[in-house]
Amino acid sequence: MRGTTVITGDRTKVLPLEFARPLPVAVRGRGVWIEDADGERYLDAMSGGSMAATLGHGRSDIIEAARRQAERLSFAHTERLTNPAQERLARELVDVAPPGFVRVRFTVAGSDANEMAIQLARSYHVERGEPERWQVISPAQAYHGPTMQTLALTGRPGLHGPFGPYLPKHLHIPPSTWRFDPTGQAALDALDAALQEAGPDRVSAFFCEPISAAALPAYRPPDRFWEGLAERRERYGFLVCFDEVVTGVGRSGAWFAGATTPCTPDIIATAKGLGAGYAAIGAVLVREHVAEAIARGSRRFPLGHTWDGAPLSCAVGLAVLEALRSEGLVERVAARGPALREELERALAQIPIVREVRGHGFLLGVSFVDPRDGTSFLPPELRVAGRIDQAALDERLITLSTQPTRDGYAGDQTLFAPAFTASDDELAEMIRRFAAAIRRVADEVEAELAESATPCGGA
Ligand SMILES: Cc1ncc(COP(=O)(O)O)c(C=O)c1O
């Protein structure tokens, strides 16, 4: 790596995520471009790296809204004082939420929004006189955050790492991908088995991403699964919670993916796109029966964090919603998304390690397989995901790849999730650089595999 301004694990007082990974130092951003301290410019195909910067970098309208609010009142805790920005943002979110959502509680991020969704589901049952309901069932191949409760929502020992002893024992079902369960029936059977194992009257919620992000990029279960889930909710009385931390606020081409899913959720947690990378803010939205259970019961849900509903972050949320509305960006994502997926698919069509290009709006994903049989996971020791991100960085493109192979449900895969404001030319250039990076890694990997024996399997 070039430059004196690349930070390595042994040259920083920051405890790094990975000691072995050198990091360029990002100093400014404009639109879909990020510049590092050496003046190198990177094309950002990942909305700031983690799908938050949905409006691109350096927007003066959002910065100005934040400045105006900070001058008036930046912070006042919401336990004893509410504020106009929080009140208005709650009203505006209810207006764009799927029908039936009536109340909003703000959070600081996605993980605490997910935790609050679990607490609200449990409170709903307790308030209605069913205190035995606490168990959560969720898809195994998911990511809901790094906190103990959100880690427990996945069934991935590889992600749990050494923290298993702290995690509550929730029950999990496999994903309905082409590999395991193309129709969704096996997942429904697994859901039935989990309901019986827990005892249906002890289950509080089914918790999932309506469209997966990093854990299984742009994967959405088949309609049959959603319909079966809705039937079982009706029969057994648990709630359905959606983690829309990524899909919420426009990413999938709808304000919330919950509006276009055959099973309407009872609770939605959202975050990233609400602050669009300009403020840390999340939100939990609830349907009327959930709010009513508390309003008629104890009339209290007092848990929260210091920054929940703060004037500054809510003012940013309001400016983000205004930008999305005035520029028709949710509509743009819906209209442009299908063509973007086709363009990506065409650009990657001749690359033998590419098995599938998925996409919903501006949330796209590519999954990779062993080219020797077109089916098996790539051998993990080839580190294909990490190599793709490095090759993309060499092309001055920011991507995010993962390799959850050891958990057994998915292999190497890459997310492609640009800002909604990216121009057609910028999208085309992202795809060109992305395809070049993948082609380079694929060529190397094919040569390496030619020297080794048979594929490593992986159902
Ligand atoms: C689907 C999903 N849920 C939850 C989270 C956690 O959100 P946060 O990092 O804001 O706590 C993430 C973060 O990447 C996510 O992708």
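A compact table of results
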| read-out | value |
| --- | --- |
| When residues of region 108-129 are limited to those that are out of contact with any helix residue (DSSP H, G or I) (no Cβ under 7 Å at 6 or more places or on another chain) and over 23 Å from residue 271 (Cβ atoms), the one farthest from the ligand (Cβ to nearest atom) | 129 |
| Close pairs (6 angstrom Cβ cut-off, 6 or more residues apart or separate chains): more than 12 Å from the ligand (Cβ to nearest atom) in region 266-281, among the basic types (Lys, Arg) and part of a strand (DSSP E or B) anywhere | 266/287 |
| Candidate set from region 141-199 (those that are over 20 Å from residue 232 (Cβ atoms), touching an Asp or Glu at 6+ places or on another chain (Cβ under 6 Å) and assigned to a helix (DSSP H, G or I)); member that is nearest to the ligand (Cβ to nearest atom) | 149 |
| Condition met for residue 105 (in the same structural domain as residue 213 (by TED's automatic domain parsing), charged (D, E, K, R) and in contact with a Ser or Thr (Cβ under 8 Å, 6 or more places away or on another chain)) | no |
| Those residues of region 342-364 which are closer than 15 Å to residue 46 by Cα and open to solvent by 40 Å² or more (accessible area, probe 1.4 Å), in sequence order | 360 |
| Test set (1) closer than 30 Å to residue 120 by Cα; (2) touching a strand residue (DSSP E or B) at 6+ places or on another chain (Cβ under 8 Å); (3) of a type in the set (Gly, Ala, Ser) - residue 359 fails condition number | (1) |
| Sole exception among (1) within 16 Å of the ligand (Cβ to nearest atom); (2) over 30 Å from residue 394 (Cβ atoms) for residue 104, by number | (1) |
| Single condition residue 347 does not satisfy, out of (1) farther than 30 Å from residue 118 by Cβ; (2) small (Gly, Ala, Ser); (3) out of contact with any helix residue (DSSP H, G or I) (no Cβ under 9 Å at 6 or more places or on another chain) | (3) |
| Any hit, region 221-234, residues being outside any helix (DSSP H, G or I), in the same structural domain as residue 182 (by TED's automatic domain parsing) and within 16 Å of the ligand (Cβ to nearest atom) | yes |
| Count - residues of region 156-201 that are open to solvent by less than 30 Å² (accessible area, probe 1.4 Å), in contact (Cβ under 8 Å) with a residue 60 or more places away in the chain and closer than 30 Å to residue 355 by Cβ | 4 |
| Test: residue in region 309-317 that is within 24 Å of residue 211 (Cα to Cα) and either at pLDDT 95 or above or not in a loop (DSSP other than H, G, I, E, B) (or both) | yes |
| Residues within region 411-447 that are within 20 Å of residue 251 (Cβ to Cβ) and either crowded, with 24+ Cβ neighbours inside 10 Å or not charged (D, E, K, R) (or both), tallied | 15 |
| Conditions (1) assigned to a loop (DSSP other than H, G, I, E, B); (2) farther than 30 Å from residue 426 by Cα; (3) free of Cβ contacts under 8 Å to residues at least 40 places away in the same chain: number failed by residue 79 | (3) |
| Any chance residue 303 is in the same structural domain as residue 239 (by TED's automatic domain parsing), outside any loop (DSSP other than H, G, I, E, B) and not small (Gly, Ala, Ser) | no |
| Residue among 368, 362 that alone is farther than 13 Å from residue 418 by Cβ and not polar (S, T, N, Q) | 368 |
| Residues satisfying the stated conditions in region 373-394, i.e. more than 25 Å from the chain's Cα centre (by Cα) and surrounded by fewer than 18 Cβ atoms within 10 Å (Cβ to Cβ) | 373, 374, 375, 381, 394 |
| The lone exception for residue 133 - which of (1) part of a helix (DSSP H, G or I); (2) of a type in the set (D, E, K, R); (3) touching a Ser or Thr at 6+ places or on another chain (Cβ under 9 Å) it fails | (1) |
| Single residue of 88, 59 found to be touching a residue at least 24 places away in the same chain (Cβ under 8 Å), out of contact with any Cys (no Cβ under 6 Å at 6 or more places or on another chain), away from the ligand (no atom under 16 Å from the Cβ) and open to solvent by 80 Å² or more (accessible area, probe 1.4 Å) | 88 |
| Strands (runs of 3 or more DSSP E) wholly inside region 1-48 that include at least 1 residues being among the β-branched types (Val, Ile, Thr) and within 21 Å of residue 437 (Cβ to Cβ) | 33-36 |
| Some residue of region 243-259 being assigned to a helix (DSSP H, G or I), crowded, with 24+ Cβ neighbours inside 10 Å, within 13 Å of the ligand (Cβ to nearest atom) and not assigned by TED's automatic domain parsing to the domain that holds residue 363 | yes |
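The values are calculated or read from the model by the stated rules, or taken from the named source; none is laboratory data. All figures in this text were calculated on a predicted structure; none of them were measured in a lab. Reconstructed Cβ throughout: ideal geometry from the backbone, glycine too, with neighbour counts over all protein chains shown. For the accessible areas, the whole protein counts, side chains as well, though only heavy atoms, and no ligand, DNA or RNA atoms are used. Shrake-Rupley method; radii C 1.70, N 1.55, O 1.52, S 1.80 Å.
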